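Remarks on the structure that follows.
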Amino acid sequence: HVTLANFGITIGTLIFVLTGFFYMATGAFIALKRPKIKAARLLGYAFFLVGFFLSVIVDNRATSINAFQFVRGFFTVNGMCFGFALWLHSRIYFPKELPSATGKKWLLRILYGTAVFAALLAALFRNTGFVIAVIVVILLLIVGFFIVLRRYATADYKKLSRILRLSGYVMPLAFTLLSALSFINSPTLQQNIVGIVGLLLFVIPVSHLYVIGRYRLLDLNLRVRRNVQYSILTAVWAIVVYYILVSIFFKLPSLNFPSTNIVFTGASIEIGNVENSGLQVVSLEKVLLMIFAIVVTYGFVYVRRAGQKFIDWKYFRTRYDYRRASSELAEVLATKLDLVELAQGIAEKLAQLMQLKRTGVLFFRSEQTCCCEEAYGFDGSEWREFCIVKEHELQNAIRGFSAEFRVDYLPPVIRENFLQQGFQYIVPVRSKEKLIGAFLVGEKLSETTFSEEDLSFLATASRQASVSIENAFLYEELAEKERMKQELEIARRIQLESLPQSVPRIKGLDIAGNSLPALEVGGDFFDYLNGSPHKVTVIVGDVSGKGTSAALYMSKVQGIFRSLHAFKLSPHELMVRANGLLCRDLEKSSFITVLGAEFNTLTKRLVIARAGHLPLFFYSAKEKRVEKITPRGLGLGLNDKGVFSYELKEKKIRCTRGDVFLFVTDGITEAMNVKNEEFGEERLTGLLKQSHTASANEIRDSVMKEVKQFAAGAYQHDDQTVVVVKAV
């Protein structure tokens, strides 16, 4: 008796049909989402037509030709031929338009002409012609078109279409297998090939969606969040494993096991063809079947767990040991004393332990200054500048929370910046109810939400870090005090005594100068070398570096210049001889820049020599403009082989009443404000032009005052020296 099933479909056919539906869904999505973009329209129509062909071609059971069968066959054939033609046509515009190929009308004529020819073959010769049409379309349209298209492809196009090119090779292989079905007599093998072809063809729309999502093509954002990817991949993995397991279970009864019986007695186990109704007889075949089923089950359970473990690791779902994490964090806190190193260590360790995309650490000194801003997982330069500018608002906002809180509760300006940087939670760090820092944590790599355990660990980490942060502050204060004490004892006296204590009285010249070291002592110096009533040589210099070593070199250089000036040398000779003496004793990593000018009130002339220093800013009373005088020259101590003397050039200027000459060091022009902006030479020239009518003292004071106001609140990173000489 034969009973027909109500409905039946093979797995291979189901896979093939679902692949066709996926093609149609992908095409409809792309075409409807971006109908005004030509690449989207071509690609969408192509996928829809090819998808229709795939979804109906494997289930053609018609025994006679009627109107419905004719219409379906017509659309099936034309869907295949013109679907592939549209797909190839879209490659001129996707993933990037090729202007060199868009104007080739002959290329499109060949493309669609071949599609028409293939459709006619399929219509005229039915099954045999259909196979020929498939082969013609595959060979002529795909292979030939790609070969021609490579001539017009740019480097950028090739880079974007690399994955598409690899997936495109699947099409000829898939349809060659599909065409070979007519030569295979085994129904089981045919269905297996159909399933394999369906899986191969599934790669093509997936690759297109991947390229669109990765490179943000067609103005579409197709990125799937990791938590969604994880859920889908977990479900697919479970379905695949259980499907294979069930398939094996259905195959087990067909295996040939030994049919020997097993007899259990009270004292023994007998194996053989025993027939005794009084004993308990068990078939060996059933025993082996059960054992094999148990082994297979445990094996697949192990495989599923191993695969799931790999998926968890790939998507950062592995759980971390909070005790071990606290121990590792404590080790970092115990070994870092410097504030910056401590902040970097905390940010890096939190990101590693909790598997975060990015972290940030802020330290607050005396609840007033944001003294340290370190980030991990991104550049963070703009974020650091923002934290410095908004330090008071940021501290006031965080101070209002005693435990971890979301960034959404911050003031609007700060909230927008932090959300833009990818931060989600802020954990205040307190010591004796005083806010000393904060941890900023971004999204997890797994893109899942934070659990109570995560937030509890962050709270514990903040309590652990509070002691280390306080110790780092104390260490910094002690180191600073020790350094200040040593430098004050060694060099402050040298610094004060080496600078000019009085201004030479030269008829026709008004002179004023001042130097402000960045630290307790500095490397800037200036001097007035005066040997006659109508001459004076003004020297302004800058020793590389800061602190005690720079101050000692400064004192040495001044001594050399004062000694050499007794020989009544010109600025050029003065610097050449000084360079020869300094090159013997100066460290290779150190050098000195000097600007020297000899004023002669009798001849009304000025002779300038510059050894790598900033230019001389000269306000001409006659032309009413500021000029930068920059003769050639190398820094002292860089070369003593004759190159220094060759490069050093003098320049002579005629000075008249009202002319102003301004000597400065780079501590003036490179003074920074809280926004990391430089004072610059333009501001300096503008200031000189405005104040040229004032006395030398007033001009000097206005420059120092303007620089101080500009850099208000910022750290003075370099020594500042100003000397003004005005012709009166």
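Side notes on the structure shown:
- Charge dipole of the chain about the Cα centre (unit charges at C-beta), most positive-ward option of THR154, LEU222, SER167: THR154
- Loop-exposed GluC sites (Glu not before Pro) per DSSP, neighbour cap 16 Cβ within 10 angstrom, longest uninterrupted part of the chain: 98-274
- Three-way shape call for the range 342-422 based on the alpha-carbon gyration tensor, with the a/c threshold at 1.5: rounded
- FRET efficiency, 1/(1 + (r/R0)^6) with R0 41 Å, evaluated for ALA714 and TYR475 via beta carbons: 0.95
- Charges were assigned to the Cβ only: +1 to each Lys and Arg, -1 to each Asp and Glu. The resulting dipole of the range 310-412 about its Cα centre is roughly 480 debye.
- Among SER247, SER468, PHE82 - extreme Cα towards positive end, dipole of the chain, charges at beta-carbon: PHE82
- Each helix, a run of at least 4 DSSP H residues, gives -39500 (n - 2.57); summed and divided by the residues of the chain, these come to -18000 deg cm²/dmol at 222 nm.
- If R0 equals 60 Å, the separation of the Cβ atoms of LEU220 and MET484 corresponds to a calculated FRET efficiency of about 0.45.
- Taking each residue as 0.36 nm, the span from LEU337 to SER402 lengthens on full extension beyond its C-alpha to C-alpha distance by 20.8 nm.
- Backbone HN-Hα couplings from phi across the range 32-48 [Karplus 6.51/-1.76/1.60, Hz, Gly and Pro as x]: 6, 6, 10, x, 8, 9, 4, 4, 5, 5, 4, 5, x, 5, 4, 5, 5
- Carbon-plus-sulfur accessible fraction, the chain (probe radius 1.4 Å, protein heavy atoms only): 57%.
- For the pair SER100 and ALA459 in one chain, pulling the backbone fully straight at 0.36 nm per residue adds 123.2 nm over the alpha carbon distance.
- From the alpha carbon centroid of the range 201-218 to that of the range 527-561 is 70 Å.
- Debye, to nearest 20: dipole size of the chain, +1 on Lys, Arg Cβ, -1 on Asp, Glu Cβ: 3080
- With the charge dipole of the chain set up from +1 on Lys and Arg Cβ and -1 on Asp and Glu Cβ about the Cα centre, the Cα lying farthest toward the positive end among the listed residues PHE526, VAL660, TRP383 is that of VAL660.
- Sequentially through the range 452-463, phi angles give Karplus couplings (6.51, -1.76, 1.60; θ = phi - 60°) of 4, 5, 4, 5, 5, 5, 4, 5, 5, 5, 5, 5 Hz, Gly and Pro residues having no value and appearing as x.
- PHE567-VAL206 pseudo-label distance in nm [points 7 Å out on the Cα-to-Cβ vector]: 8.4
- THR449/GLU698 FRET efficiency (R0 60 Å; Cβ-Cβ; nearest 0.05): 0.40
- Cα-based Rg and Dmax for the chain, where Dmax is the largest Cα-Cα distance (Å): 42.3, 143
- With Cα atoms, 0 to 90° folded angle of helix 696-710 axis to the chain main axis: 20
- At full extension, ILE163 and ALA238 could sit 24.2 nm farther apart than now, given 0.36 nm per residue minus the alpha carbon distance.
- Phi-based couplings in Hz for the range 11-20 (Karplus 6.51, -1.76, 1.60; Gly and Pro marked x): 5, x, 5, 4, 4, 5, 5, 5, 4, x
- Residue-normalised accessible area of the chain, given per residue in Å² at a 1.4 Å probe: 54
- If only the Cβ of Lys and Arg carry +1 and only the Cβ of Asp and Glu carry -1, the dipole of the range 553-676 around its Cα centre is close to 480 debye.
- Restricting the range 405-454 to trypsin sites (Lys or Arg not before Pro) in coil, as DSSP defines it, with at most 13 other Cβ within 10 Å: LYS432
- Under a 5 Å amide H cut-off, with hydrogens placed 1.01 Å from N, VAL536 pairs with PHE599 among residues at least 5 apart or on other chains.
The values are calculated or read from the model by the stated rules, or taken from the named source; none is laboratory data. Values in this document were obtained by computation on a predicted structure and should not be read as measured data. Please note: Cβ atoms are built from the backbone with ideal geometry, for glycine as well, and neighbour counts cover all protein chains shown. What goes into the accessible areas is simple: the full protein's heavy atoms, side chains included, and nothing from ligands, DNA or RNA. Shrake-Rupley method; radii C 1.70, N 1.55, O 1.52, S 1.80 Å.
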